[in-house]
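Only one structure is covered here, and it is reproduced in the block below.
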Amino acid sequence: MKRPLSLLLSFSLLFLLVLTNCKSRPAAPTGLVTEKAMVVSAREEASKIGAEIMKKGGNAFDAMVATEMALVVAYPFAGNLGGGGFMVYRKSDGDVGGLDYREKAPLAAHKDMYLDSLGNVIPEMSTKGATAVGVPGTVAGIMAVHEKFGSLPLEEIFEPIIELAENGIVVTENQANRFAAVKDRILEVNDSVTTFPIDCKVNDTVRYPALARTMRKIAKEGHDGFYKGEIAKTLASFIQEKGGFITEEDLAKYEAVWRQPIIFNYKDLKIISMSPPSSGGVTINQILKMIEPYDIGDFDHNSEKSIQLFTEAARRAYADRNYYLGDPDFTEIPLDVLLGKAYLENRMADFSFEKATKSSDISEGSVQMAESMETTHYSIVDAQGNAVSVTTTLNGAYGSKLYSDELGFFLNNEMDDFSAKAGVPNMFGLIGAEANSIAPEKRMLSSMTPTIVEKEGELWMVVGTPGGSTIITAVAQTILNGYEYNMSMQEAVNAPRFHHQWLPDVVIFEPEGFSNDLIESLKSKGYLINEERTPIIGKVDAIRVLADGRLEGGADKRGDDTAVGF
Ligand code: DON
């Protein structure tokens, strides 16, 4: 049968229309969808407790306090009283802000504190045991949030957490594996004695009575209950007995700091992310702005061209990160220049799809990323539309591994995030410079990137992840997955990721999702590839606001991460 030309034309037009519509139509959700409020975190117990607080009438900030504290009990790998973190918030009226509760160097710290008499870095002194501990910021952080925005009484927020510590949590398979993997190092740091349940097996119930006591005191006495008096005394003398530097004075002087976040546009998105002393906001700003002129969405997701473009932008942004960024209270950071249009365009002027740019000659062999490392991120949206994005950490897995039996928690090894010696990589392979050198009371540079994204003036995404130096690229890729590749929140979180950080000059890939042909082709263009392929790049926990106002959770399939809401 012969079709008239006009009929054929209308069919083709219709087909084209459907195709275009498919690309612009928002992705159907594949993660948990709820009507009003949601918490996505590394553990179901913590997401549940956070969501319950909101059900009881608390807001996203009350839920932040609850989730942060529940993670101390349910996820001691990274959830902490002995660490620190960053929060970015966006209130339902559009007001945004950031909170820095990063650890800081003790008063006794000095630039060369981790160097021997020959000027060499003393192995493990900034990563293991009491010498690695920075002054913890977490309790100051939650108390600052509660004081400014909280609506429920502290003791009510802490009630389910104290109950959780007393009644115990059930050990998951991932958790049992982590206990087993780190057992010897915990015993070594704690002189072979610890009440931390390192011998627990899957499905055992673990209780934390000492932690419950500490939590009760904090709930009752707030900030000063931790930083002054009995807890401070016990903590400072414990750290000093073990050879560390933190004093009662260090604890008494600690304060969280409210900071203006980094805010920039990427196409029609407005991205709000953490400012220094985290490098997250500045570096994600640089990466996305360097990519923006090239329309990455025109290349397929994780295709050769999209990987090249992203890698070259990351290479240039991390080079700036490592040289210019540090604690803004100690270091002048030329933010206007680093984030300026002309500067960023110029940075990409020598980029070509034909050939990789070389980073430098630092030998790859000197970089160790052997230890399993952990931080944790959670995202919250409440029924009023307030949004909270928080990344918190002990740095390494169980931090310094130093555990106070009396107080029931681990202490961080955040001092390793300083640059102990210019040009020598830290445990994430990051090379630092003067801007991130050690000084008394200075905050060490971070990569944590708690981020909130607006689309057309409305809350659109709350996102963040652990992953050390890979945090920034994982957050950037998740935003691009949702925006440029139209993935649902859950798909955007689960999609395979890759990473590059200038030095070492290698691109790393997750094991799944990148074909050998792709890798070979990148190699032929001069990209140096980490052949071992890293098992995990981040564990992203995110929330997206759907077009109809409901919420979709993206809980990373790489961990026990869970979305809970109502
Ligand atoms: O602040 C930072 O950048 C690091 N201390 C974060 C550590 C981390 O994400 C480890 N997690 N996988």
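In region 405-427 there is no residue that is within 27 Å of Val96 (Cα to Cα) and aromatic (Phe, Trp, Tyr).
This table checks each residue for (1) at pLDDT 95 or above; (2) closer than 17 Å to Thr451 by Cβ; (3) of a type in the set (D, E, K, R).
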position: Lys267; (1), (2), (3): yes, yes, yes
position: Lys270; (1), (2), (3): yes, yes, yes
position: Pro277; (1), (2), (3): yes, yes, no
position: Gly281; (1), (2), (3): yes, yes, no
position: Ile287; (1), (2), (3): yes, yes, no
position: Asp295; (1), (2), (3): no, no, yes
position: His301; (1), (2), (3): yes, no, no
position: Ser306; (1), (2), (3): yes, no, no
position: Leu309; (1), (2), (3): yes, no, no
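Test Val33 against the stated conditions and say whether it is crowded, with 24+ Cβ neighbours inside 10 Å, in contact (Cβ under 8 Å) with a residue 12 or more places away in the chain and either more than 16 Å from the ligand (Cβ to nearest atom) or among the hydroxyl-bearing types (Ser, Thr, Tyr) (or both). Considered against the rule, which asks whether it is crowded, with 24+ Cβ neighbours inside 10 Å, in contact (Cβ under 8 Å) with a residue 12 or more places away in the chain and either more than 16 Å from the ligand (Cβ to nearest atom) or among the hydroxyl-bearing types (Ser, Thr, Tyr) (or both), Val33 comes out as no.
On the given criteria, is Met38 aliphatic (A, V, I, L, M) and either within 19 Å of the chain's Cα centre (by Cα) or surrounded by fewer than 24 Cβ atoms within 10 Å (Cβ to Cβ) (or both)? Full working, then the answer.
Values: aliphatic (A, V, I, L, M): yes; either within 19 Å of the chain's Cα centre (by Cα) or surrounded by fewer than 24 Cβ atoms within 10 Å (Cβ to Cβ) (or both): yes.
Judged against the criteria, Met38 is a match.
Within region 525-548, the residues that satisfy the criterion of being without any contact (Cβ under 8 Å) to a residue 24 or more places away in the chain and part of a loop (DSSP other than H, G, I, E, B) are Glu531, Glu532, Asp548.
The single condition among (1) buried (at least 18 other Cβ atoms within 10 Å of the Cβ); (2) modelled with pLDDT of 90 or more; (3) outside any loop (DSSP other than H, G, I, E, B) that Gly326 does not satisfy is (3).
Do we have Arg207 as basic (Lys, Arg), buried (at least 19 other Cβ atoms within 10 Å of the Cβ) and more than 27 Å from Tyr89 (Cβ to Cβ) here? Give the derivation first.
Details: basic (Lys, Arg): yes; buried (at least 19 other Cβ atoms within 10 Å of the Cβ): no; more than 27 Å from Tyr89 (Cβ to Cβ): yes.
Criteria not met by Arg207.
For Met448, indicate whether it is modelled with pLDDT of 95 or more, more than 16 Å from the ligand (Cβ to nearest atom) and either assigned to a loop (DSSP other than H, G, I, E, B) or buried (at least 24 other Cβ atoms within 10 Å of the Cβ) (or both). For Met448, the condition - modelled with pLDDT of 95 or more, more than 16 Å from the ligand (Cβ to nearest atom) and either assigned to a loop (DSSP other than H, G, I, E, B) or buried (at least 24 other Cβ atoms within 10 Å of the Cβ) (or both) - is not met.
Kindly establish whether Val139 is in contact with a His (Cβ under 8 Å, 6 or more places away or on another chain), modelled with pLDDT of 95 or more, closer than 16 Å to Phe410 by Cα and not hydroxyl-bearing (Ser, Thr, Tyr). Working first, answer last.
Values: in contact with a His (Cβ under 8 Å, 6 or more places away or on another chain): yes; modelled with pLDDT of 95 or more: yes; closer than 16 Å to Phe410 by Cα: yes; not hydroxyl-bearing (Ser, Thr, Tyr): yes.
Yes, satisfied.
Of the helices (runs of 4 or more DSSP H) lying entirely inside region 225-304, those carrying at least 1 residues that are within 16 Å of the ligand (Cβ to nearest atom) are 280-291.
Among the listed residues Ser404, Ser400, which satisfies the condition of being away from the ligand (no atom under 16 Å from the Cβ), among the hydroxyl-bearing types (Ser, Thr, Tyr) and at pLDDT 95 or above? Before you say what the answer is, go through the steps one by one.
On the way: Ser400 fails: away from the ligand (no atom under 16 Å from the Cβ).
Exactly one of Ser404, Ser400 is away from the ligand (no atom under 16 Å from the Cβ), among the hydroxyl-bearing types (Ser, Thr, Tyr) and at pLDDT 95 or above, namely Ser404.
For the subset of region 220-254 comprising residues that are among the polar types (S, T, N, Q) and in contact (Cβ under 8 Å) with a residue 12 or more places away in the chain, which member is surrounded by the most Cβ atoms within 10 Å (Cβ to Cβ)? So, considering only residues that are among the polar types (S, T, N, Q) and in contact (Cβ under 8 Å) with a residue 12 or more places away in the chain, the one surrounded by the most Cβ atoms within 10 Å (Cβ to Cβ) is Thr247. Show the residue pairs that are 6+ apart or on different chains and have beta-carbon atoms under 8 Å apart, the first residue being within region 406-430 and within 10 Å of Gly468 (Cβ to Cβ) and assigned to a helix (DSSP H, G or I), the second being more than 12 Å from the ligand (Cβ to nearest atom) and among the polar types (S, T, N, Q). Listed by first residue and then by second, the contacts come to nothing, as the list is empty. Taking the stated definitions as given, is Pro535 at pLDDT below 95, more than 21 Å from Arg90 (Cα to Cα) and within 14 Å of the ligand (Cβ to nearest atom)? When the stated conditions are applied, Pro535 passes them. Of all residues in region 458-509, those satisfying the criterion of being within 18 Å of Asp541 (Cβ to Cβ), within 15 Å of the ligand (Cβ to nearest atom), assigned to a loop (DSSP other than H, G, I, E, B) and of a type outside the set (Lys, Arg) are Gly464, Thr465, Pro466, Gly467.
The values are calculated or read from the model by the stated rules, or taken from the named source; none is laboratory data. Treat the numbers as computed from the prediction; the structure is a model and nothing was measured. Cβ: placed from backbone, ideal geometry, glycine included. Neighbour counts: every protein chain shown.
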